[in-house]
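The values are calculated or read from the model by the stated rules, or taken from the named source; none is laboratory data. This one's a predicted model, so the numbers in the text were calculated from it and none came from an experiment. With ideal geometry, Cβ positions are generated from the backbone for all residues, glycine too; neighbour counts draw on all protein chains shown.
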Amino acid sequence: MPTRQMLVSLGYSFGLDCPPMLEKAMPEQVTDTPCPYCKSRPLTTVRRVPYYRGYVLVFQHGSKRFAGCVSCVRKQMLLESAKAVGFGWFSPKALVATVFVTPVTFGRAFFVRSDPKRVTALLDEIGVPTNTHEVRLADALYSSAAAIIKSDGEAHPSEVDIAAEYLQVLLPEFERSALNDRVAEWKGGMSVDAHALFLRRFLKPEGQQVILEMFAAVILADGKIEKQERKQWDRVAKVFGLSKTEIQEKWASLVEGESVPV
Ligand SMILES: [Zn+2]
């Protein structure tokens, strides 16, 4: 369960390790946060891409959001087109989507340009600093919770309840309606580990532990551990710098801990 101590460590973590803004940022560059893929060029663009997968029995679709430098976002879009060609044929709906949507994504990839407006909107949403504001703790936490709750594609009431329990302690100004709205608006897009890539620059290890604990508590909220959710949790722990052994140990301690539903 979250404690006051967590609030102190998390609140303290945010805002302290903020890098100074670049003195002469280029007009199209609104943040000095690097691209999460190459980690070297600046983050300058965001693109949302629909995805379709047709398996023999299941048809999956949704949208993914890629944020990064122009070259990495283009690569991700081309990779997405390739995946659609590989997996998009096995149901009639997916076939139609693959034939009509994939060429559009493929074509759009070549027209990716820097997009300061969309980058600003994304960073506002996830609380990462831009040249107009510092780190926003509330946005970072609401968005982390939304990404975690929606990591399996659906928001179950028990998951929202558990996340609310954490946020209540971590955020003095916590409002349940704000969390509900953020979850409702969170239409897929950024995965929890992509989200963690942004957060890790501003979170101290203690703050990172809180995010991992909240994620584990949400996974355990419905009483069963989905393989996909567990994999995502491992990826987030890896982003936060845990070794393979540490990931195993941390997970075991959380599952054995008090957050396990009886
Ligand atoms: Zn890049």
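Residues that are in the same structural domain as K39 (by TED's automatic domain parsing) and not small (G, A, S): which helices (runs of 4 or more DSSP H) entirely in the stretch 155-227 hold 1 or more of them?
Output list is empty.
Can you list residue pairs whose Cβ atoms sit under 6 Å apart, with the first residue in the stretch 63-77 being more than 8 Å from the ligand (Cβ to nearest atom) and the second being among the charged types (D, E, K, R)? Count only pairs 6 or more apart in sequence or on different chains.
Final answer for the pair search is S63/R48; R65/R48; F66/R47.
Among the residues of the stretch 59-91, how many are assigned to a helix (DSSP H, G or I), at pLDDT below 85 and touching a Gly at 6+ places or on another chain (Cβ under 8 Å)?
Qualifying residue count, the stretch 59-91: 1.
Pull up the stretch 113-140, narrow it to residues that are part of a helix (DSSP H, G or I) and more than 18 Å from the chain's Cα centre (by Cα), then point me to the one that is surrounded by the most Cβ atoms within 10 Å (Cβ to Cβ).
P116
In the stretch 34-58, what count of residues is obtained for those that are within 16 Å of the ligand (Cβ to nearest atom) and modelled with pLDDT under 80?
Within the stretch 34-58, residues that are within 16 Å of the ligand (Cβ to nearest atom) and modelled with pLDDT under 80 number 0.
The rows are residues; the columns are (1) modelled with pLDDT under 80; (2) within 18 Å of the chain's Cα centre (by Cα).
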residue	(1), (2)
L95	yes, no
F111	no, no
Y142	no, yes
L167	no, yes
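State the number of residues belonging to the stretch 181-212 that are of a type in the set (F, W, Y) and at pLDDT 80 or above.
Number of matching residues: 1.
Cβ-Cβ distance below 9 Å, separation of 6 or more or different chains: which pairs start in the stretch 193-209 with a residue that is among the polar types (S, T, N, Q) and end on one that is outside any helix (DSSP H, G or I) and surrounded by 21 or more Cβ atoms within 10 Å (Cβ to Cβ)?
Final answer for the pair search is Q208/F240; Q209/F240.
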